[in-house]
Amino acid sequence: MIISLLIGLGVALGGFTFQTALGGVNRKIVARLQKRVGPRWYQEFIDIFKLLSKRSVSHGWIFDFGVIMALGGIIGTAMFMPVTSNILAFPSFDNFFIFVYLLAVGMLGMAMSASGSGNPLASIGVMRALTTMVAYEIPFMIVVLTIIKLAGTSSVSGIAEFQQMAGNNWFMIALPLGFVVAVLSLMGMLGKKPFETYIAPAEIASGPMVEYGGKQLGMLFIMHEITVFIEVSLFVHLFLGGAENIWMFAIKYFLVYAGLNLVSNVNGRFKIDQVVVFFYKWPLAMAVVQAIIAIYLGWVI
Amino acid sequence: MANIELLILITLSLGLLSYVLYHFSPRLSSALTILGSFFVFGSVLYHGYIGSFDVSSTLLPYVSFSSSALSIFFAVIITFTYAMVSLFNPYFLKTHKAGNVHNLLFLSTLAFVLGVLFTNHFMTMFFFFEAVVWTSLFMIPLKGSKSAAIMYYRFSAFGSFALLGAIFLLKANSGTFLITESLAVVDGAHQLVIFILLVVAGMAKLGAFPFHIWLPEVLGKAPDHTSALFSGGLEKLGAFIIVFALVRVAPVGATFAAIDLAWSRYAVAILGALTIVFGTLMAIRQDDAKKLLAYSSMSNGGYMLVAFSLMNSISVMGGLYHVLAHALASVAAFLAIAAVARQTNTTKMSELGGMIHKMPITYMVYLIAIISMAGIPPMGGFISKWLIFQAVINKGLIFVAVAVFFGSVGSFLYVFRPLAALFLGQELPQYKKTLKEAPSLMLLAMLILSVLNIFTGVFPTPILKVINTVIVEMGMNEVVLTTFTIEGFNGLLHPGLIALVFMVGVFVAFVIFISLKKSKKVGLMDTYTAGNFIYTEELMHYSVDFYAPLERLYEKYIDIARNVYRSLDHKIKEFARLIKYFIFTYKPEITAFWVVLILILFLWGDIA
Amino acid sequence: MNSTRFTERNKEEIDRKWWEIGDYFRRNSLWMLMYCTGCCAIELPPAMTSVYDMERLGMGPMATPRQADVLLVTGYLSLKTLRRLIYTYEQMSEPKYVVGFGSCTINGGIYHDSHAVINRLDQYIPVDVYVAGCMPNTESVMNGFVDLMDLMKSKKADGWKRYHTNYEWYRENQIAALGEVKVHDEFHE
Amino acid sequence: MTNSMSNVGRINTLMGKNFSLIDAKIIDQYQVSYVLKKDDIHRALSVLKSNGFRQLSYLSCVDWPNDHEIEMVYIVMNWDEALHIQLHARIDRDNPVMDSILPIYPGAKYYEREAHEFFGVAFPGNPDYDKQLILEGWDDIPPMRKDFDPRAYSDKKFTKRDPKENFEVTDKTSKRPRQERREERANNLRTGGKK
């Protein structure tokens, strides 16, 4: 058990390191896109360690407790994450719903802490984040329902293995409509450009993060990086057939993350009710159609 | 106390005694109520666990009892709710209009609920059912609102008539009023009608769509701690009836081939799905914290409907566990809100804020309750939702799944709102001085509930084993359980492991936090205001119209169900006036003529 | 006796080392809070975008004072804005730095004889780096930032410490010019 | 064109008929200026408002210290005819009191407060004309009066930086390498590290 826990912590730490480095690389890519030089690839590490070294302010115990709960919940979630079929802390317990709901603990912690700061902009940001969540989560869950029904297991590594066994028949190809929906939902999850309404620095001063500085903000940055790691890895496992070895995982992960970044950088920002209407129009319809085609009619490539 | 009949009689007489005692010492009367409730809960739990209930009845005429695993399961949950709420009683009696009857009504509903659960005779059941309705009816207006009680009575009467109709049809079908015997032989054309009538009776009691109108009215306007009773206790009677209808009355009609489910069950599942969606959407836009929780009760009732309608061991286990988890969570949440309302005299979120600074324990209780209610590990709600998801996904019910997922994510929205607006945010000056933490008895009740909320989420196996006996009793296969894990259709769940890993994560985060430089404490008003100097707390507290952008999208359509009932109400009144106009005129001979004519019409077939 | 003194010195040494490591991170990741009071603010967009690309120095704009490290005061400060500036400066988390732009923050610039505009910013809050010019061109702005990093490296950018040690003095100056830093206004009550 | 001029004419006759004008000036086809007595201002504004001049564009003052008078200026505008009318009236400078026009133009509230702050004119009828608006905690005579000396105020209130007499760099040799490095760095910054 102890060894499993250590492996899990290793996955969380590795995921954090990998994603943070990749975040820096992606900032470089975006800078290149805009004809800039861009920061160093390890800039994100510098940012986070700088924040941890600063002296912050605290608005009472719930402000700190929420941050601890947020980071703790996310680290806990990351500990369940399979990287490849072998690197996996708790085999057969990496249930998909654990990721979705344990992630929510982290989010709840952050939301609680933000509201506890007493700043109305933070509460507005949390409201927008939750509203966005109710928008993107439903189409995504319907697509995942289809996948679980087809694969017969809700274990994430099990789903990845199912795709590998079926001759690398990735769900990306088998469920093309669902894949499109999942890409859109993933952009919502990561808070990428058209759906980053809840950060909105110019309107609500970065929303939930408005009162954070120093170590609390640093911990939330760590939390954010691990969250991105969890969400992108979930996507890799569910749609891109997981990974046989760690290099394949890194490549797939990089492609997904960089692709999303490029897409998001040519977009503007939706209003919050536009986000909801957007997700409940085409993505939901596509997800339901995909589910009907795949489950009731059995037309899967 | 092993004899159910004696238990009921003792509870009733304790109620009468507390009524008498109230005139001498209200405190003593409340203590008696608490003792009585705990005594009932203790004996039901103990004898239910051993299985040594004495079901013979000697004192009451025409009444007979039987005990089954299902009824014991429900009885434990409901009596536990009563015991917890009874701890709140002493602090609320003074705020009531007629405090002296409260304890009497409280204990007599408890007695009648036991009657409903343990009787084996349909007519007795109906009698007890009506008794519960009538006694609980008078608990609602104690805070001063009569309209809610009238609404409650209307829908309850509707449910009772449906139940009565089903009972008569069963009697006609099988020739007996005994529950097990009459349900065993039901078949043929009557089956569908009986099924519909029973489901309608259950849904009216559960507050499911389209019979949901009364639920928020009653739970919103009843005395603050009584709402918990309705949500955690009496509403669950509806679930009990639903289980009768869905699990005991065998499936009827054609089967929906693609998902291998009878149409009638699918219809119930769809109704459950609609209940979830309506409850969620309405809960999101409530300003009154109690009404918000009431709509969340409605939405969770929808989960129970979906679970029971799917008719396999995983889903029924999920449904029964949801009954338990939701009872614990919603009672804890209602009681936390009641603890706040006792001091502030309001449950409107737009008038409250910053309660956490004076009531931190109440806040933690509410936090744990809503984590469970939203189905987030490591609390009990997650286990039941996971089981229900397993069943829904296994059946491939896409449209139900949309509703189930929507309700699950939507619950994050509505449970977070009281947290942010009522407990967190700016500390409003009007409550800064007077507010205190809740008194010890109330804290005791809330802490017990919190501990159970966590326990049901971390180590559910003992309870699931009990549910397994219920499932076997219903004639289904038991769910595979080991000491720590639950096996669903497509995966294993290890709740203890999740809790452990979560704790490890929190520990790591705590180590990171504590090893860094200490932060400077600043006040709540010292926040980013774009450089402006703001001194008024209300301006810095975001609590009105919390989800305004989302509400704007659907607020045009919310009144549809209510309008349907209002126009129905109108039509019935019109019809009654028409009859009055024709029949009950000033001339008695015309009335007599009509009565004779109608009698003749009714008796036509029998005479000929 | 001997050993305690040793550990004390050791502890100081360790603290100093940590501080130096922290300084490396801090000077390579300066997050700005732009207090755009005057015309010098127009020099910031070219500094941020592809011509000069501030991001390669690790700098970036931030939304709130809590998150930011360096406060950019771009231009003249009327009494009304000075109050807000002081409030904002006090909300920033430490260590914090201030860069004053243009001649207005140095000696009042073309507004030196106005009844509403202060002359020397460093009388009210500590300034680490001034960028002279009216307006300074973008190279000087960038140079000012690099100078700030050099100052941080040589531990001379200690304005926030000076604000603590000389707080009474700063406070006196603020009161002399403003009367009262925090004022009530009817629009926020 | 003729239309606008006829508008001016119409207003001219309207004003001439109703009020004793001290002076009337047609600035161009879109602007007319009248000088009235202090007591006529309110009536004139109501008449103009009922004639379509719905918008109060501006309200301000001019200080005439030599005449011991303050001149009030009201500018109203008609959206249908594209016509601005300036109304001038002089009031006593030592005791400047002008009744508020709040009942006629509610939008004048903040203009009057501003005028009070900068010129010291009192506006009875405006409930909070003496609340502070722009100058927070002002401690001198109103700053837009001509006898207010901003330089003296600034010298008194704000610390000045003493300009150095001699700007010579004391040690040229030691500064040289630093300047060179600085130039190089500036070059570097401009080209982004490329030659």
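The values are calculated or read from the model by the stated rules, or taken from the named source; none is laboratory data. In this text, all values refer to a predicted model and were calculated from it rather than measured experimentally. Reconstructed Cβ throughout: ideal geometry from the backbone, glycine too, with neighbour counts over all protein chains shown.
Figures for the structure shown
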| read-out | value |
| --- | --- |
| Failed criterion for A:Arg55 (all others in (1) basic (Lys, Arg); (2) within 8 Å of chain B (Cβ to nearest Cβ); (3) under 20 Å from A:Leu13 (Cα atoms) hold) | (3) |
| Flag if A:Tyr296 is modelled with pLDDT under 85, assigned to a helix (DSSP H, G or I) and more than 14 Å from chain C (Cβ to nearest Cβ) | yes |
| Of all residues making up the range B:575-596, the number that are part of a helix (DSSP H, G or I) and surrounded by fewer than 10 Cβ atoms within 10 Å (Cβ to Cβ) | 3 |
| Filter result for the condition that a residue is in a helix (DSSP H, G or I) and farther than 28 Å from A:Ser113 by Cα, over A:Leu238, A:Leu217 | A:Leu238 |
| B:Gly220, sole failed condition from (1) buried (at least 22 other Cβ atoms within 10 Å of the Cβ); (2) of a type in the set (Gly, Ala, Ser); (3) within 24 Å of B:His326 (Cα to Cα) | (1) |
| Breaking point among (1) within 30 Å of D:Asp128 (Cα to Cα); (2) in contact with a Gly (Cβ under 8 Å, 6 or more places away or on another chain); (3) at pLDDT 85 or above, for C:Glu180 | (3) |
| Unmet requirement for B:Lys291, which otherwise passes all of (1) within 15 Å of the chain's Cα centre (by Cα); (2) buried (at least 24 other Cβ atoms within 10 Å of the Cβ) | (2) |
| So B:Phe455, is it within 11 Å of chain A (Cβ to nearest Cβ) and either more than 30 Å from A:Tyr212 (Cα to Cα) or out of contact with any strand residue (DSSP E or B) (no Cβ under 6 Å at 6 or more places or on another chain) (or both) | no |
| Answer residue from the range A:246-293, given it is of a type in the set (Lys, Arg) and outside any helix (DSSP H, G or I) and is farthest from the other protein chains (Cβ to nearest Cβ) among those | A:Arg269 |
| Close pairs (8 angstrom Cβ cut-off, 6 or more residues apart or separate chains): more than 14 Å from chain D (Cβ to nearest Cβ) in the range C:158-185, of a type in the set (Lys, Arg) anywhere | C:Gly159/C:Lys96; C:Trp160/C:Lys96 |
| Test: residue in the range B:418-431 that is surrounded by fewer than 24 Cβ atoms within 10 Å (Cβ to Cβ), touching a Ser or Thr at 6+ places or on another chain (Cβ under 7 Å), modelled with pLDDT under 85 and part of a helix (DSSP H, G or I) | yes |
| Within the range B:1-108, helices (runs of 4 or more DSSP H) holding 1 or more residues that are closer than 28 Å to B:Ile467 by Cβ, free of Cβ contacts under 8 Å to residues at least 24 places away in the same chain and in contact with a helix residue (DSSP H, G or I) (Cβ under 9 Å, 6 or more places away or on another chain) | B:26-50 |
| Scan of the range B:513-547 for residues that are exposed (fewer than 15 other Cβ atoms within 10 Å of the Cβ) and closer than 30 Å to B:Thr275 by Cβ, ordered by number | B:Val544, B:Asp545 |
| Residues of the range B:256-272 classified as closer than 14 Å to B:Ser315 by Cβ and at pLDDT 85 or above, total | 1 |
| Pair list, Cβ under 7 Å, 6 or more apart: the range B:522-551 residue at the interface with chain C (Cβ under 7 Å from one of its Cβ atoms), other residue hydroxyl-bearing (Ser, Thr, Tyr) and in a loop (DSSP other than H, G, I, E, B) | B:Tyr528/C:Thr64 |
| Test: A:Ser154 is within 30 Å of B:Ala548 (Cα to Cα) and either more than 8 Å from every other protein chain (Cβ to nearest Cβ) or in contact with a Gly (Cβ under 9 Å, 6 or more places away or on another chain) (or both) | no |
| Every residue from the range B:486-501 that is crowded, with 23+ Cβ neighbours inside 10 Å, more than 7 Å from chain A (Cβ to nearest Cβ) and assigned to a strand (DSSP E or B) | B:Ile486 |
| Residue that is buried (at least 18 other Cβ atoms within 10 Å of the Cβ), within 14 Å of D:Ser57 (Cα to Cα) and in contact (Cβ under 8 Å) with a residue 40 or more places away in the chain, where the choices are D:Ala82, D:Ala108 | D:Ala108 |
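Matching residues to (1) within 14 Å of chain B (Cβ to nearest Cβ); (2) over 15 Å from the mean Cα position of the chain (by Cα):
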{"residue": "C:Trp18", "(1), (2)": "yes, yes"}
{"residue": "C:Trp31", "(1), (2)": "no, no"}
{"residue": "C:Gly38", "(1), (2)": "no, yes"}
{"residue": "C:Met48", "(1), (2)": "no, yes"}
{"residue": "C:Asp53", "(1), (2)": "no, yes"}
{"residue": "C:Arg56", "(1), (2)": "no, yes"}
{"residue": "C:Lys80", "(1), (2)": "yes, yes"}
{"residue": "C:Tyr89", "(1), (2)": "yes, no"}
